[in-house]
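The values are calculated or read from the model by the stated rules, or taken from the named source; none is laboratory data. All of these numbers come straight from a predicted model, not from anything done at the bench. Using ideal geometry, Cβ is built from the backbone for each residue, glycine included, and neighbour counts are taken over all protein chains shown. Accessible surface areas use protein heavy atoms only, side chains included; no ligands, DNA or RNA. Shrake-Rupley method; radii C 1.70, N 1.55, O 1.52, S 1.80 Å.
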Amino acid sequence: RATGSYTINYAHPAFVQQAHQTSAKYPAGVSEFETCGFTEQFTPNCFAPYVQESLVKIGLQYEEEHFIKASNTIL
């Protein structure tokens with residue numbers, strides 16, 4: 001939300017355990033990239049980092065969010 005951009009990165013089966021751990025809650029200032037053993041990759045047209053180890057990388061621009069009542073989450 002703060003930057004308006006985010007990325008989606010394909011997790012190769014060899015990295016599934018590490019990739020799953022990136023969704024854990026980390027304190028402010030703690031990098032999930034560093035904690036999970038991934039490398040940040042930046043491009044000029046996307047503020048959010050990509051996972052360098054990922055073969056498929058998609059940069060996206062935040063537009064809106066939707067509350068999902070069934071799971072009490074925000075998409």
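Couple of notes before you dig in:
- Pick from region 8-44, criterion touching a Phe, Trp or Tyr at 6+ places or on another chain (Cβ under 8 Å) and of a type in the set (D, E, K, R), ranking: most open to solvent (accessible area, probe 1.4 Å): GLU40
- Hits in region 51-75 (condition: in contact with a Gly (Cβ under 7 Å, 6 or more places away or on another chain) and in a strand (DSSP E or B)): GLN61
- Residue list for region 1-58, restricted to those being touching a helix residue (DSSP H, G or I) at 6+ places or on another chain (Cβ under 7 Å) and acidic (Asp, Glu): GLU40, GLU53
- Residue selected from region 45-60 under the condition at pLDDT below 95 and open to solvent by 80 Å² or more (accessible area, probe 1.4 Å), by the criterion nearest to ARG1 (Cα to Cα): PHE47
- Applying a threshold of 6 Å to beta carbon distances and a minimum spacing of six or more residues, or different chains, the list of pairs starting in region 1-27 at a residue that is closer than 13 Å to PHE38 by Cα and ending at one that is in a helix (DSSP H, G or I) and among the hydrophobic types (A, V, I, L, M, F, W, C) reads ALA11/ALA19; GLN18/CYS36; GLN21/CYS36; THR22/CYS36.
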